[in-house]
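First up is the structure itself, then whatever we jot down about it.
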Amino acid sequence: MPSYPVEVPDDSPVFGGTTTAFARFGHAAAIRSHGHLFISGQIGRRPDGVAGETVEEQTEIAIRRIEEILRLENLDLSALVDVTSYHVGIRQNMPGFLEAKQRLVKAPYPAWSIIGVSGLASPELLVEIQATAAYPDNAAR
């Protein structure tokens, strides 16, 4: 079964000018393969490229970016089956992350691994979220 990249349009109101980062870093926003959608790590950059000021804002932006990729594939957050999030300053930032996550992600919950890291691609980034979604059985691609 072939794999296909998901292209985020350059005029996406959620991604804005940040879509150029996919080519710059040499990866797709997401790949659909074998009935699943593998979403690359999403960060908390606003459409203008500026990182959110708080972990809550960065988490919300990252989840909204995942939600937009899912929307492009006619899915929503309920299609998520596995999520991994990477956190700088995990102990001090976990309450803000959880507040945003609990506000945006509703049951049925995906499996979710939370990993503390010493840094991400840019020093202002506090969280990165990678996800896998499953297509409904009748819509597997």
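The values are calculated or read from the model by the stated rules, or taken from the named source; none is laboratory data. From a predicted model like this one, the values you see are computed outputs, not experimental measurements. For neighbour counting, all protein chains shown are included, and Cβ atoms are generated from backbone atoms with ideal geometry for every residue, glycine included. Surface accessibility is based on the protein's heavy atoms, side chains included, excluding ligands, DNA and RNA. Shrake-Rupley method; radii C 1.70, N 1.55, O 1.52, S 1.80 Å.
One table, with the values for the structure above:
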{"read-out": "Cβ-Cβ under 7 Å pairs, at least 6 apart or on other chains, segment 1-13 side in contact (Cβ under 8 Å) with a residue 12 or more places away in the chain, far side open to solvent by 100 Å² or more (accessible area, probe 1.4 Å) and assigned to a loop (DSSP other than H, G, I, E, B)", "value": "Met1/His34"}
{"read-out": "When residues of segment 8-44 are limited to those that are under 14 Å from Arg71 (Cα atoms) and surrounded by fewer than 13 Cβ atoms within 10 Å (Cβ to Cβ), the one modelled with the lowest pLDDT", "value": "Pro9"}
{"read-out": "Residue, surrounded by the fewest Cβ atoms within 10 Å (Cβ to Cβ), within segment 95-108, restricted to residues that are over 15 Å from the mean Cα position of the chain (by Cα) and in a loop (DSSP other than H, G, I, E, B)", "value": "Ala107"}
{"read-out": "Failed item, numbered, when Glu68 is tested on (1) buried (at least 19 other Cβ atoms within 10 Å of the Cβ); (2) under 14 Å from the mean Cα position of the chain (by Cα)", "value": "(1)"}
{"read-out": "Cβ pairs under 6 Å, 6+ apart, first in segment 39-53 and more than 22 Å from Leu77 (Cβ to Cβ), second among the polar types (S, T, N, Q)", "value": "Gly49/Thr18"}
{"read-out": "Unique match (being closer than 20 Å to Arg32 by Cβ, touching a residue at least 12 places away in the same chain (Cβ under 8 Å), exposed (fewer than 12 other Cβ atoms within 10 Å of the Cβ) and of a type in the set (Asp, Glu)) among Asp137, Asp82", "value": "Asp137"}
